[in-house]
């Protein structure tokens with residue numbers, strides 16, 4: 001596609017429910033990142049996928065969070081048993097390849113509200 | 001102390017003013033990025049810098065590697081420039097380290 005696409009754009013869920021957030025990266029981009037931006041906070045790294053390599057999950061805040069990337073393209077971030085502190089904007093980004101000097105392109109984000 | 005610090009945190013300007021947003025970092029970097037985040041959350045990459053200066057329209061970004069400092073300038077500011085501007089650095093890996101952003105409001 002023309003850009004990184006995320007869905008849904010907004011999600012309100014009840015505490016304790018599971019949610020799935022979807023990211024469609026730019027076609028051909030091998031690197032995909034998930035970030036989280038809590039209210040009033042900076043962006044926080046969650047997880048990174050690069051090609052067929054094992055993902056870097058070091059930023060996931062708890063074992064309730066998981067992500068997968070199928071076929072090296074679409075990625076899904078799953079949050080189980082959501083808590084109010086999970087409320088945030090979840091941003092996905094992709095880049096052509098891994099590396100410090102490669103520009104990342106961001107999606108519009110999914111605003112998650114846990115009530 | 002955050003590894004990436006931005007100033008000011010909030011900035012209100014009148015249309016037409018020259019605006020400067022500053023970013024200082026304490027880690028060694030391979031590249032520095034300036035991002036723009038509009039209300040609603042979407043982020044656009046404005047610049048990627050590893051040295052010197054870049055210009056795009058009314059936006060100018062500079063970086064001083066020795067001083068570990070970068071500035072984003074907006075000339076002839078306009079209300080549509082109102083957004084959060086975020087400085088992010090790559091310290092040699094794929095991970096970005098983000099500043100907390102500068103919230104800019106340009107009044108007509």
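State whether one or more residues within the range B:49-66 are facing chain A (nearest Cβ under 9 Å), modelled with pLDDT under 95 and outside any loop (DSSP other than H, G, I, E, B).
Here is the first cut: in the range B:49-66, the residues facing chain A (nearest Cβ under 9 Å) are B:50.
Going one step further and asking which of them are modelled with pLDDT under 95, we end up with B:50.
Of the ones still in play, those that are also outside any loop (DSSP other than H, G, I, E, B) are none.
The answer is no, given that none of the residues of the range B:49-66 is facing chain A (nearest Cβ under 9 Å), modelled with pLDDT under 95 and outside any loop (DSSP other than H, G, I, E, B).
With B:74, B:86, B:21, B:29 as the choices, which residue is in contact with a helix residue (DSSP H, G or I) (Cβ under 8 Å, 6 or more places away or on another chain), buried (at least 18 other Cβ atoms within 10 Å of the Cβ) and in contact (Cβ under 8 Å) with a residue 40 or more places away in the chain?
Values: B:86 fails: in contact with a helix residue (DSSP H, G or I) (Cβ under 8 Å, 6 or more places away or on another chain); B:21 fails: in contact with a helix residue (DSSP H, G or I) (Cβ under 8 Å, 6 or more places away or on another chain); B:29 fails: in contact with a helix residue (DSSP H, G or I) (Cβ under 8 Å, 6 or more places away or on another chain).
It is B:74.
Looking at A:32, A:39, can you tell me which residue is over 14 Å from residue A:108 (Cα atoms), surrounded by fewer than 20 Cβ atoms within 10 Å (Cβ to Cβ) and in contact with a strand residue (DSSP E or B) (Cβ under 9 Å, 6 or more places away or on another chain)?
Working: A:32 fails: surrounded by fewer than 20 Cβ atoms within 10 Å (Cβ to Cβ).
Just a single option satisfies the conditions, and that option is A:39.
Scan the range A:1-34 residue by residue and report those that are within 13 Å of chain B (Cβ to nearest Cβ) and in a loop (DSSP other than H, G, I, E, B).
Within the range A:1-34, the first condition is being within 13 Å of chain B (Cβ to nearest Cβ), and the residues that meet it are A:3-6, A:8-11, A:21, A:26, A:29-34.
Hits for the range A:1-34 are A:3, A:4, A:8, A:9, A:26, A:29, A:30.
I'm told residue B:104 meets every condition in (1) out of contact with any helix residue (DSSP H, G or I) (no Cβ under 7 Å at 6 or more places or on another chain); (2) more than 10 Å from every other protein chain (Cβ to nearest Cβ); (3) in a strand (DSSP E or B) except one. Can you identify the failing condition by its number?
Of everything listed in (1) out of contact with any helix residue (DSSP H, G or I) (no Cβ under 7 Å at 6 or more places or on another chain); (2) more than 10 Å from every other protein chain (Cβ to nearest Cβ); (3) in a strand (DSSP E or B), residue B:104 misses just condition (1).
The values are calculated or read from the model by the stated rules, or taken from the named source; none is laboratory data. Quick caveat, the model's predicted, so the values are computed rather than measured. So basically every Cβ, Gly included, is an ideal-geometry build from the backbone, and we count neighbours across all protein chains shown.
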